[in-house]
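Chemist: Dumping the structure here so I can ask a few things about it.
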Amino acid sequence: MSDPVIGPSEPAVGPSEPAARPSGPVAGTGDSAAQAVLSVRGLHRAFGGVRAVDGLDITIAPGEFVSIIGPNGSGKSTTVNLISGVLKPDSGEILVHGKRIRPGKPEAAADAGIARTFQNGRVFGNMTVRENVDVGLQTTLRASRPLRALAGIPLLRWVSLLAELEVALVPTPAARAERKAAAARIDAQLARFGERLTPRADNSAFTLSYANRRRTEIARALALEPRLLLLDEPAAGMNQTETAEIGRQLAELKAQGQTVLLVEHKMDLVHELSDRVLVLDEGRVIAEGTPDEVLEDPRVIEAYLGRRRGGRRTVAPAENPVADSGPVAEPDPVADSGSTVDAVADADSRASGSDVTADSEAVADPEATVAERQDGAGGADEPTATAGSENPGDADVKGKVSADAGH
């Protein structure tokens, strides 16, 4: 019997009716895929001759905080893009609570309760902060979107649009009540970031500093009340103070039972938050376990630092990292001089060079960002210049422009 499919014409139970998040696997059931929030089976995606994701399997339990790390080009962001429907896999399937979601359909992923942020900030610069967060609520609306099931049928989707227009022009009592509840949810998410976003709720997003644009994007994802939150390098381009602040907010989400899949280069953040870490290299999982176990794994050290040959360390050639599972011949002096966490983090900073941060919607207004610089506590919210553009392929191949401030 095939798994049920979630798509735009068959919405899952809406995030406005969130399922309870048990603290562990459900006893007495035989289907582990149904117990898991996310099950990824045999996922493949290639770009030309490059296998960005090569036979990936992931299972995430309710309330689990899982991180994906790996060198640049290892397939981290491509994995997130496949799970969220931004990219369509060549093969494999993605299930949320045992229900298969339609591949390559972001709206299907949102209907299933998946929300995400992007490696390169995606806020709407000409919309206010409040309006940006409101976008995240669209899949939860019922009274304001009558006949929404018809939106997935090509010949009838115009009927759904006309119904939405009618409700927008002449709101029903149910639609007014729904919008009032939505406004309260938006305020709650802005309040999560305190003085960073609440005083700027009615400001256009292009006036925000880089850090506040990233906070707006996280608030937008959380407004969905997602079953699974995908975070693609949320601390990229942030200084130490901003990173620590994001870390505290993610720790609060973890304590509340939010299921999270995090992609991050900053090893301190990964080490402090993760229940489990997956290490990707050339699109495959080469190590999995607790943060301490993974960061001491010789295959992980080799993936970041290369293999020692002839008395000097060189970059490992392109080969199957799983097949070469033996220990490194000699200890790495970088790792021996301090903790493996620091060694891998330093190597990651050298490999990436910097954090490319791009905002395709807008560039911050100099006068507005100067005002925000004065508002920030201890310079924690200073704007960061951005450059670059979104690559339609694997975003991990991009070099990063600002090195991890923590290392």
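The values are calculated or read from the model by the stated rules, or taken from the named source; none is laboratory data. Keep in mind it's a predicted model, so treat the numbers as computed, not measured. Glycine gets a Cβ as well: all are built from the backbone with ideal geometry, and neighbour counts include every protein chain shown. For the accessible areas, the whole protein counts, side chains as well, though only heavy atoms, and no ligand, DNA or RNA atoms are used. Shrake-Rupley method; radii C 1.70, N 1.55, O 1.52, S 1.80 Å.
Chemist: So which of T128, T117, T140 is in contact with a Lys or Arg (Cβ under 8 Å, 6 or more places away or on another chain) and within 29 Å of S160 (Cβ to Cβ)?
Modeler: T117
Chemist: I'd like the full set of residues that are open to solvent by less than 50 Å² (accessible area, probe 1.4 Å), out of contact with any His (no Cβ under 9 Å at 6 or more places or on another chain) and at positive phi, limited to region 80-139.
Modeler: G85, G98, G104, listed by residue number.
Chemist: A further question on this structure: Tell me the residue from T259, T243, T216, T207 that is in contact (Cβ under 8 Å) with a residue 40 or more places away in the chain, among the hydroxyl-bearing types (S, T, Y) and within 22 Å of I58 (Cα to Cα), please.
Modeler: T259
Chemist: State which residue pairs qualify: first residue on the phi > 0 side of the Ramachandran plot and inside region 281-296, second residue open to solvent by less than 70 Å² (accessible area, probe 1.4 Å) and of a type in the set (A, V, I, L, M) in any location, beta carbons under 8 Å apart, and separation of 6 or more residues or different chains.
Modeler: Sorted first by the residue in region 281-296, then by its partner, the pairs are G283/A52; G283/V53; G283/L56; G289/V277.
Chemist: Being without any contact (Cβ under 8 Å) to a residue 60 or more places away in the chain and more than 22 Å from G289 (Cβ to Cβ) is the filter here, so list the residues in region 51-100 that pass it.
Modeler: Of everything in region 51-100, those that are without any contact (Cβ under 8 Å) to a residue 60 or more places away in the chain and more than 22 Å from G289 (Cβ to Cβ) turn out to be L82, G85, V86, L87, K88, P89, D90, S91, G92, I94.
Chemist: Right, another one. Being modelled with pLDDT of 95 or more, buried (at least 20 other Cβ atoms within 10 Å of the Cβ) and polar (S, T, N, Q): is that true of S74 here?
Modeler: The answer is no for S74.
Chemist: Checking R299 against (1) open to solvent by 60 Å² or more (accessible area, probe 1.4 Å); (2) modelled with pLDDT under 85; (3) in a helix (DSSP H, G or I); (4) not small (G, A, S), which test does it fail?
Modeler: Going through (1) open to solvent by 60 Å² or more (accessible area, probe 1.4 Å); (2) modelled with pLDDT under 85; (3) in a helix (DSSP H, G or I); (4) not small (G, A, S) one by one, R299 breaks only (2).
Chemist: Going through region 107-155 one residue at a time, which ones are of a type in the set (D, E, K, R) and either part of a helix (DSSP H, G or I) or without any contact (Cβ under 8 Å) to a residue 24 or more places away in the chain (or both)?
Modeler: E107, D111, R130, E131, D134, R145, R148
Chemist: Sort through E288, E293 and tell me the only one that's surrounded by fewer than 21 Cβ atoms within 10 Å (Cβ to Cβ), in contact with a Leu (Cβ under 8 Å, 6 or more places away or on another chain) and modelled with pLDDT of 85 or more.
Modeler: E288
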